[in-house]
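Peer 1: Here it is: the structure, laid out below.
The values are calculated or read from the model by the stated rules, or taken from the named source; none is laboratory data. Predicted, not measured: the structure shown is a model, and the values here were computed from it. For neighbour counting, all protein chains shown are included, and Cβ atoms are generated from backbone atoms with ideal geometry for every residue, glycine included. The accessibility values were calculated without ligands, DNA or RNA, using every heavy atom of the protein model including side chains. Shrake-Rupley method; radii C 1.70, N 1.55, O 1.52, S 1.80 Å.
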Amino acid sequence: MPDGSIVNKTQAGVTTLDALIIGAGFSGLYQLLSLRDKLGLKAKVVEAGDGVGGTWYWNRYPGARCDSESHSYSYYFDKELLEEWQWSERYPGHAEVVRYLNYAADKLDLKRDIHFNSKVLSAHYSQSENKWIVKTEDGREFVCTYLITAVGCLSSTNIPKFPGHESFEGEWYHTGQWPHEGVDFKGKRVGQIGTGSTGIQAVPVIAETAKHLTVFQRTANYSVPAANGPLSPDFQKYVQENREAIKKTIQTTPNGHPFVISERKVFDVDDEEREKIFEEAWTKGGLGFRACFQDIAFDKKANDVAADFIKRKIRSIVKDPETAKKLTDIDHPYATKRPPIDTNYFETFNRDNVTLVDVKAAPIEAITPKGVKTQDGEYELDILVFATGFDAMTGPLLNIDIQGRDGVKLKDIWEEGPKTYLGLQVAGFPNLFTVTGPGSPSVLCNMPVAIEQHVEWIRDCISYLEDNKISSIEATEESMQRWVEHVNDAANVTLMPHAKHTWYYGANVPGKPRVFMPYAGGMARYRAICADIAKQKYPGFKLGNGKHGQSYTPPKISVDDLVEAAMVKGPGV
Ligand code: NAP
């Protein structure tokens, strides 16, 4: 059990704060601003990297680009930030997002309160002092009342344990820890394992310079063209003139994106009309493809029609029938895994220097000194790229030794899967807030929209505690249990359970409990629930003034609720 006595001793190297925030990405930066400048608290950020950016600081792989449209992938809380910043492309590349976050951090004068190159190792709650004691790898120690994790959902890399990996004589990289100086593929035989959103972005760019690229595909994936390109002056003008309306749309649509979901259903129109609609959506490109009919996400028959359209498109692009067959042998409904968008992904398989290897049919057996050995033979490589994803949502939190009341470890509480209330708090961990934690909509949403809501809710909650001299807030076991059930119910009214082998279920990491982690009920619904809880003075939480918040039961959820929520009208573009 952590020793509370440390708190009272003034020790060299110990910083006492009201709030400590872990992570300097979108969430951490805004959380710092809202606690330091809005509430006047003594707050700091600790960040493992040497700069701001979070996900975008680490993910610098070739082709790394955001899938949310740039005009919606911004902070909307500050008018000046919105007016001053101009994105250059429809989908911002990683470097532009890092520039944007640096611009925001400088303008808001945040960097003076960020400790860079400081990786958090442990965070222990001292019950006797009602404080968190946080230690970092570079020897810092913080004592704080509120601890806020802003560690991202996709920041703990997943590198599969293939036998022989250490014997590989070439270079190898994971896309999520890409060297800042870049990697030169020129004249090299490159192998890439993984064809998720990341892999699909990296393949076309690596193929441009590599001597040869071998893509190891385990699960074939849908992808829709991003139709990326420079933003026209007309569009930029439209965005500047419609800020408020766009803000309203992204804050009321279920997924936080600026596109509006159509009211028509797939079988409302005849075959010819439907084909025309799909064709237009394909040409327009982007994640909005799934919004061209209302029922793609909920009705399997409607989804099959959309899936068939995409598979026909792939066959029409890829010239070699064998390769096209492997790419269209998709085992899940469209958008039940995170749907990628791409720039020339399928086209790249028409290049002479690119080979697709089906490692579902012939699995990878080992990594050898010379390359990758599958059941079908050995592929000699100079460079191996792991686009194998992340230990999502729980990994970034469980990488820190977090101990709550009575020294209980988060790792033990979550042994059978993550449990939270609203994705924001865990019973037994007073005053710990987890921005975009498991059980939050986060990854099923345009992230900055989800993040702003979380950060503001946490700010208002802390403000309520401070104003009312309440020493702590902590989710109750019961509310946590009910929220976990609600998260499951929400997933079950979508088609997502048709793809149980996704990272949404933790299925990409061997041994990880199979629990649907994000909240699929939609951002708008989640926002309303959180607001209701705050308005009712935090039911479902135990407050440090001895008041035991009454319980909170999330409203029942059905397909009709999700459809109704999806029918929000806005200026969608
Ligand atoms: P991912 O979706 O988990 O994909 C990982 C890929 O690696 C899959 O193709 C997976 O195959 C394969 N893989 C994993 N272990 C393997 C093994 N042992 N053998 C063979 N193949 C293996 O990871 P990601 O592509 O990095 O994307 C993660 C998430 O990050 C996305 O879903 C998205 O939310 C986010 N992201 C966003 C953007 C953006 O906004 N621009 C870009 C990239 C990523 P299986 O499918 O068979 O497991």
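Peer 1: Less than 11 Å Cβ to Cβ from residue 421, Lys/Arg counted +1 and Asp/Glu -1: what total charge do the surrounding residues give?
Peer 2: Result for the neighbourhood of residue 421: 0.
Peer 1: Something else: Once phi is turned into ³J(HN,Hα) by the Karplus curve 6.51 cos²θ - 1.76 cosθ + 1.60 with θ = phi - 60°, what whole-Hz value does each residue of the stretch 69-78 show in order, with x for glycine and proline?
Peer 2: Each residue's phi maps through the Karplus curve to give 5, 3, 5, 9, 9, 8, 6, 10, 7, 10 Hz.
Peer 1: Straight-line reach from residue 276: which lysines fall under 19 Å, measuring Cα to Cα and dropping same-chain residues less than 8 apart?
Peer 2: Straight-distance partners of residue 276: 265, 284, 301, 311, 313.
Peer 1: If you take the charge dipole of the stretch 517-562 about its Cα centre, with +1 on Lys and Arg Cβ and -1 on Asp and Glu Cβ, which of 526, 538, 553 is farthest toward its positive end?
Peer 2: Checked the options; the winner is 538.
Peer 1: Could you tell me which of 277, 236, 294 has its Cα farthest along the dipole of the stretch 172-323 towards the positive end, charges placed at Cβ (Lys, Arg +1; Asp, Glu -1), taken about the Cα centre?
Peer 2: Result: 236.
Peer 1: Report the number of Lys pairs in the stretch 149-264 whose alpha-carbons are under 25 Å apart, with separation of 8 or more residues or on distinct chains.
Peer 2: 5
Peer 1: Which loop-located trypsin sites (Lys or Arg not before Pro) does the stretch 39-95 contain, where loop means any DSSP state but H, G, I, E or B and the Cβ has at most 13 other Cβ atoms within 10 Å?
Peer 2: Sparse-neighbourhood loop trypsin sites (Lys or Arg not before Pro): none present.
Peer 1: Another question, then. Using +1 at the C-beta of Lys and Arg and -1 at the C-beta of Asp and Glu, which of 61, 249, 198 has the Cα lying farthest in the positive direction of the dipole of the chain?
Peer 2: Comparing the listed Cα positions along the dipole, 249 ranks first.
Peer 1: With contacts defined as alpha carbon pairs under 8 Å and 6 or more residues apart, what's the relative contact order of the chain in percent?
Peer 2: 19
Peer 1: Shifting gears a bit: Using DSSP to call loops (not H, G, I, E or B), can you name the trypsin sites (Lys or Arg not before Pro) in the stretch 125-208 whose Cβ has at most 14 other Cβ atoms within 10 angstrom?
Peer 2: 161
Peer 1: Roughly speaking, to the nearest percent, how much of the stretch 289-393's 1.4 Å accessible area is carbon and sulfur?
Peer 2: Exposed carbon and sulfur together represent 46 percent of the surface.
Peer 1: From the Cα gyration tensor of the stretch 457-573, with a ≥ b ≥ c the square roots of its eigenvalues, which class applies: rounded if a/c is under 1.5, or else prolate if a/b is larger than b/c, or else oblate?
Peer 2: oblate
Peer 1: Work through the residues other than residue 185 whose Cβ is under 14 Å from its Cβ and net out their charges, Lys, Arg +1 and Asp, Glu -1.
Peer 2: Around residue 185, the charge tally is 0.
Peer 1: On to the next question. What number comes out for accessible area per residue over the stretch 416-456 if the probe is 1.4 Å? Units Å², please.
Peer 2: Dividing the accessible area of the stretch 416-456 by its residue count gives 13 Å².
Peer 1: Using only alpha carbon pairs under 8 Å that are at least six residues apart, calculate the relative contact order of the stretch 292-348 and give it in whole percent.
Peer 2: 35
Peer 1: Hey, which aspartates and glutamates would be in cross-link range of residue 373, C-alpha to C-alpha under 19 Å, not counting anything within fewer than 8 residues on its own chain?
Peer 2: Qualifying aspartates and glutamates at Cα under 19 Å: 166, 169, 171, 358, 365, 382.
Peer 1: While we're looking at this one, here's another question. DSSP beta bridges in the chain, what fraction antiparallel, as a percent rounded to 5?
Peer 2: About 40 percent, rounded to the nearest 5.
Peer 1: What does the accessible area of residue 261 come to, in Å² to the nearest 10, when a probe of 1.4 Å is used?
Peer 2: 30
Peer 1: Same structure again: What value, in deg cm²/dmol to 500, does the helix sum -39500 (n - 2.57) over DSSP H runs of n ≥ 4 give at 222 nm once divided by the residues of the chain?
Peer 2: Mean residue ellipticity at 222 nm (helix-derived): -9000 deg cm²/dmol.
Peer 1: Is there a quick way to get the dipole size of the stretch 260-355? I mean about its Cα centre, with the Cβ of Lys and Arg at +1 and of Asp and Glu at -1; what is the value in debye to the nearest 20?
Peer 2: 340
Peer 1: In the chain, once you exclude exposed GluC sites (Glu not before Pro) (DSSP loop, at most 15 other Cβ within 10 angstrom), what's the longest stretch remaining?
Peer 2: 417-573
Peer 1: Which cross-chain or sequence-distant (5 or more) residues have an amide H under 5 Å from the amide H of residue 384, H modelled 1.01 Å from N in plane?
Peer 2: Under 5 Å from the amide H of residue 384: 171, 172, 173, 191.
Peer 1: With +1 on the Cβ of every Lys and Arg and -1 on the Cβ of every Asp and Glu, and nothing else charged, how large is the dipole of the stretch 40-139 about its Cα centre, in debye rounded to the nearest 20?
Peer 2: Rounded to the nearest 20 debye, it is 300 debye.
Peer 1: Further, regarding this structure: Which of the aspartates and glutamates could a cross-linker bridge to residue 319, judged by Cα under 13 Å and excluding same-chain residues fewer than eight apart?
Peer 2: Within the straight-line cut-off, residue 319 pairs with 347, 352.
Peer 1: What is the dipole size for the chain, taken about its Cα centre, with +1 at each Lys and Arg Cβ and -1 at each Asp and Glu Cβ, in debye to the nearest 20?
Peer 2: Dipole about the Cα centre, nearest 20: 600 debye.
Peer 1: Using a basic spin-label model with each label point 7 Å from the Cα along Cα→Cβ, how many nm lie between residue 477 and residue 514?
Peer 2: 2.8
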